[in-house]
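Below: the structure, in structure tokens.
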Amino acid sequence: MNSPKRLFIIDTDVLIHDPSAIFQFKEHDIFIPMTVLEELDSAKNGTSEIARNARQVSRTLDKLVASNDRAAIESGLTLTSINSAMTTAAGSVYFQASDPGISSPANGRKNQLENNSIIHTALNLAQQHATTKITIISKNINLRIKARIAGLNAEDYYNDKAIDNVDFLYSGLREIEDAEWLNKKNCEEVGQPIGKTLYSVSAGSFGNVFPNECLYTSSGNIELIVREKRNDTLLFEQACDYRRPENAVWGITARNTEQNFALNLLLDPAIEFVSLIGTAGTGKTLLALAAGLVQSMEKKRYREIVMTRETISVGEDIGYLPGTEEEKMTPWMGALLDNLEVLTDTDEGGDWGKKATSDMLQDRIKIRSLSFMRGRTFLNRYIIIDEAQNLTVKQLRTLVTRSGPGSKVVCLGNIAQIDTPYLNGETSGLSFVVDRFREWEYSGHVTLTRGERSRLADYATSRL
């Protein structure tokens with residue numbers, strides 16, 4: 001085996017996390033230990049995301065080795081042979097052709113022995129190829145720790161990170177100085193459609209802005225939304241003030257600038273994708289539901305509201321749930337039911353009126369499980385994806401692509417409150433879509449920071 005610039009030993013969890021991982025190392029070579037192939041074989045059965053990814057990796061590797069004999073495999077198989085314009089991978093794949101010499105698993109120590117096998121393999125390769133920088137790529141923190149203790153290089157898999165630091169994630173909001181906007185020499189009113197005021201402004205004074213980015217002055221007197229960029233000018237729209245009682249949305253009014261911008265984006269029929277990120281109590285679900293009810297029941301833009309979320313427990317799993325799809329999903333939809341209580345709070349008709357209103361709203365809202373989303377198409381639906389921070393990029397891609405003509409997708413989540421052990425703020429699918437959709441003219445994003453649930457919730461969020 002010729003000494004490459006770098007040789008990466010790929011752990012099983014990387015391949016299962018990203019089935020295309022072998023194509024993400026550009027000109028460098030990769031090495032797949034025998035124990036990784038065995039783990040892929042153990043994980044391939046079932047209908048889970050892990051099983052599907054394991055089968056996909058196995059098919060890719062089978063395509064690599066199918067037309068080659070042992071001598072060719074030992075000398076390395078070039079990735080360009082099956083890299084159908086997916087990436088610019090130009091390295092080779094090497095497979096471990098002999099047993100690493102680790103004893104068989106016993107007493108439930110299978111995972112530990114597999115990790116030791118990878119480290120043992122890496123140490124042997126380091127001895128055989130002293131001039132080659134060998135690195136173990138794994139999402140297993142303990143494996144990386146053990147590798148470094150053994151004197152080996154070990155790194156996390158970074159290709160799936162949407163951003164390097166979640167603190168720099170696009171917020172959708174920008175504060176500008178009053179003088180920057182009030183300088184009328186650079187601002188020209190270009191039209192007044194019904195309920196709207198549009199301005200044409202020189203783009204130079206605002207730097208790089210994104211479609212539907214929300215700008216507000218430091219005094220809070222001006223709130224603007226970027227609508228279009230024409231050569232060297234920007235087209236701004238004066239945001240509607242939903243803090244005023246006469247502009248209430250299903251009885252709900254905005255309590256701060258961020259919520260006001262969120263309602264502007266949620267109620268705009270031209271915007272097909274909206275993402276809202278915020279801590280507990282910032283009003284994400286309430287705003288999304290109120291806007292959805294107004295547009296589906298009063299304005300008739302959408303046939304119904306479809307709501308879904310990942311079913312990940314904070315504590316111990318309570319096991320299988322009885323009933324239909326909606327009945328099984330009901331325990332996971334506590335946020336929906338809590339917010340419906342607020343939206344159905346009416347004095348008309350007493351308890352009977354509240355019950356009738358609640359039944360009417362629940363009939364318009366359909367709860368769907370992620371498990372049955374693949375292959376579906378939602379036409380003229382208002383789709384709410386709650387707790388989206390717990391979804392991978394692949395899962396969110398599957399959900400967003402269910403949207404058909406006339407539908408709107410709203411993603412809600414808090415990237416500081418991720419419950420799945422395999423994701424963090426940088427790798428969450430929610431961070432990914434916020435970063436990738438910010439340049440699309442039919443999308444909008446707002447990060448909500450001010451808690452409005454209660455003084456207690458707001459204090460707990462900041463202190464605990």
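The values are calculated or read from the model by the stated rules, or taken from the named source; none is laboratory data. Keep in mind it's a predicted model, so treat the numbers as computed, not measured. When we count neighbours, we look across all protein chains shown, and the Cβ atoms used for this are built from the backbone with ideal geometry, even at glycine.
Report, by residue number, each residue of segment 173-205 that is under 24 Å from Val434 (Cα atoms) and at pLDDT 75 or above. Scanning segment 173-205 gives Leu173, Arg174, Glu175, Ile176.
Report, by residue number, each residue of segment 129-160 that is farther than 29 Å from Glu426 by Cβ and free of Cβ contacts under 8 Å to residues at least 60 places away in the same chain. Residue satisfying the conditions is Ala130 alone. Of all residues in segment 394-432, how many are under 12 Å from Lys161 (Cβ atoms), hydrophobic (A, V, I, L, M, F, W, C) and either at pLDDT below 85 or touching a strand residue (DSSP E or B) at 6+ places or on another chain (Cβ under 7 Å) (or both)? Within segment 394-432, residues that are under 12 Å from Lys161 (Cβ atoms), hydrophobic (A, V, I, L, M, F, W, C) and either at pLDDT below 85 or touching a strand residue (DSSP E or B) at 6+ places or on another chain (Cβ under 7 Å) (or both) number 1. Taking Val400, is it touching a residue at least 24 places away in the same chain (Cβ under 8 Å), in contact with a Cys (Cβ under 9 Å, 6 or more places away or on another chain) and assigned by TED's automatic domain parsing to the domain that holds Arg303? Considered against the rule, which asks whether it is touching a residue at least 24 places away in the same chain (Cβ under 8 Å), in contact with a Cys (Cβ under 9 Å, 6 or more places away or on another chain) and assigned by TED's automatic domain parsing to the domain that holds Arg303, Val400 comes out as yes. Taken over segment 238-276, the residue count meeting the criterion of being out of contact with any helix residue (DSSP H, G or I) (no Cβ under 8 Å at 6 or more places or on another chain), in contact (Cβ under 8 Å) with a residue 40 or more places away in the chain and of a type in the set (A, V, I, L, M) is 2. The residues of segment 354-373 that are surrounded by 18 or more Cβ atoms within 10 Å (Cβ to Cβ) and either over 26 Å from Thr420 (Cβ atoms) or modelled with pLDDT of 90 or more (or both) amount to a single one, Leu361. Only one entry of Glu114, Glu39 meets the criterion of being buried (at least 18 other Cβ atoms within 10 Å of the Cβ), in contact with a helix residue (DSSP H, G or I) (Cβ under 9 Å, 6 or more places away or on another chain), at pLDDT 85 or above and not polar (S, T, N, Q), and that entry is Glu39.
Let's see how each residue does on (1) modelled with pLDDT under 90; (2) surrounded by 19 or more Cβ atoms within 10 Å (Cβ to Cβ); (3) more than 12 Å from Phe31 (Cα to Cα):
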site	(1), (2), (3)
Ala122	no, yes, no
Thr131	yes, no, yes
Leu143	no, yes, yes
Ile149	no, no, yes
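Considering only residues in segment 208-243 that are of a type in the set (Ser, Thr, Tyr) and either more than 12 Å from Leu265 (Cα to Cα) or in the same structural domain as Asp268 (by TED's automatic domain parsing) (or both), the one that is nearest to the chain's Cα centre (by Cα) turns out to be Tyr216.
Is it true that Asp351 is loosely packed, with under 13 Cβ neighbours inside 10 Å and either at pLDDT 90 or above or not in a loop (DSSP other than H, G, I, E, B) (or both)? Against the criterion (loosely packed, with under 13 Cβ neighbours inside 10 Å and either at pLDDT 90 or above or not in a loop (DSSP other than H, G, I, E, B) (or both)), Asp351 qualifies.
Filter segment 21-33 down to residues that are at pLDDT below 90 and either in contact with a helix residue (DSSP H, G or I) (Cβ under 8 Å, 6 or more places away or on another chain) or among the aliphatic types (A, V, I, L, M) (or both) and give me whichever is surrounded by the most Cβ atoms within 10 Å (Cβ to Cβ). The selected residue is Ile22.
For Ser84, the conditions (1) under 18 Å from Val36 (Cα atoms); (2) at pLDDT below 60; (3) exposed (fewer than 12 other Cβ atoms within 10 Å of the Cβ); (4) of a type outside the set (Asp, Glu) are fulfilled apart from (1). Scanning segment 204-221 for residues that are of a type outside the set (Ser, Thr, Tyr) and buried (at least 18 other Cβ atoms within 10 Å of the Cβ) returns Phe206, Phe210, Pro211, Asn212, Glu213, Cys214, Leu215. Applying a threshold of 8 Å to beta carbon distances and a minimum spacing of six or more residues, or different chains, the list of pairs starting in segment 61-80 at a residue that is more than 16 Å from Ile30 (Cα to Cα) and ending at one that is surrounded by 11 or more Cβ atoms within 10 Å (Cβ to Cβ) reads Lys63/Ile82; Asn68/Leu77. Applying the criterion of at least 2 residues that are of a type in the set (Val, Ile, Thr), buried (at least 16 other Cβ atoms within 10 Å of the Cβ) and under 17 Å from the mean Cα position of the chain (by Cα) to the helices (runs of 4 or more DSSP H) found wholly in segment 374-464 leaves 393-400, 429-437.
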